[in-house]
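What follows is a short report on a single structure.
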Amino acid sequence: MKTAQSLAVLVFISLLFGIMPSLTDARQTKNSSAISLPSIAKLGIDLNGAYYRASGNQIIAGNEQIRGVHPFECVEFVYGRAIERGLFKNGRGIGTVLNGDAHTWDDRIANSTYRNRLSRKVKVNSVVVWEADLKFTWQEGNTTYSYATDPIAGHVAFVEKVYPDGSFLISEGNHVAQPLIKLIKAKTPVAKAAKFIYL
């Protein structure tokens, strides 16, 4: 397929399934050193933990999801990852505010006693929020990248690492059985559209 046709198909599929198109490949950072993406095991993500089950994750319990039948939604995974990292306990503290569609998480925080934890600056161990129905396309050299969020729910992910140039590594659930690990490069439209909730 031609590049323009491939891009159009990718964007259509992304919107249809509410997924974030491929930002997974490690590219060069500003300082020209390659970043390799770690495995979920290397990040310490243990999907057998209680935080990824209805018994230890109020969002999964509320959604009545059955693993294997309905793979992780982004909100379910991020909530569990925050518990797994010890940033709050299930249904306590800031965890009482984080619920509902992904794109509402920043609004819920802004209207709570945790409003000072909402920022445009990336930070490790934070939740990154993208609004609903975002569509971006941009060029880096000869490569075209695209990004689209679910037109209704938006998207959230967990910030695992921040690099000196402002790029950041995320883990996310996205209706897939295993979390996805992605590099979000600094100054791209995706990075500029992000909001962060400090946990």
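The orientation-averaged shadow of the Cα convex hull for the range 78-153, equal to a quarter of the hull surface, comes to 6.3 nm².
With the biggest extent put first, the Cα atoms of the range 145-199 measure 31, 25, 21 Å across the principal axes. Counting neighbouring beta carbons within 10 Å and listing from fewest to most, the residues K42, K185 come out as K42, K185. Taking each residue as 0.36 nm, the span from V176 to T144 lengthens on full extension beyond its C-alpha to C-alpha distance by 9.1 nm. Using the Cβ-Cβ distance between S39 and V124 with R0 set to 22 Å, the FRET efficiency from 1/(1 + (r/R0)^6) comes to roughly 0.75.
Shown is the FRET efficiency for K161 and E64, computed with R0 = 30 Å from the Cβ-Cβ distance and rounded to the nearest 0.05: 0.35. Note on the range 101-199: Kirkwood hydrodynamic radius from all Cα pairs is 13.9 Å, rounded to one decimal.
Read-outs throughout are calculated quantities, based only on the coordinates presented, and are distinct from any laboratory measurement. Model, not experiment: these values are computed from the prediction. As a convention, Cβ positions derive from the backbone with ideal geometry for all residues, glycine included, and neighbour counts pool all protein chains shown.
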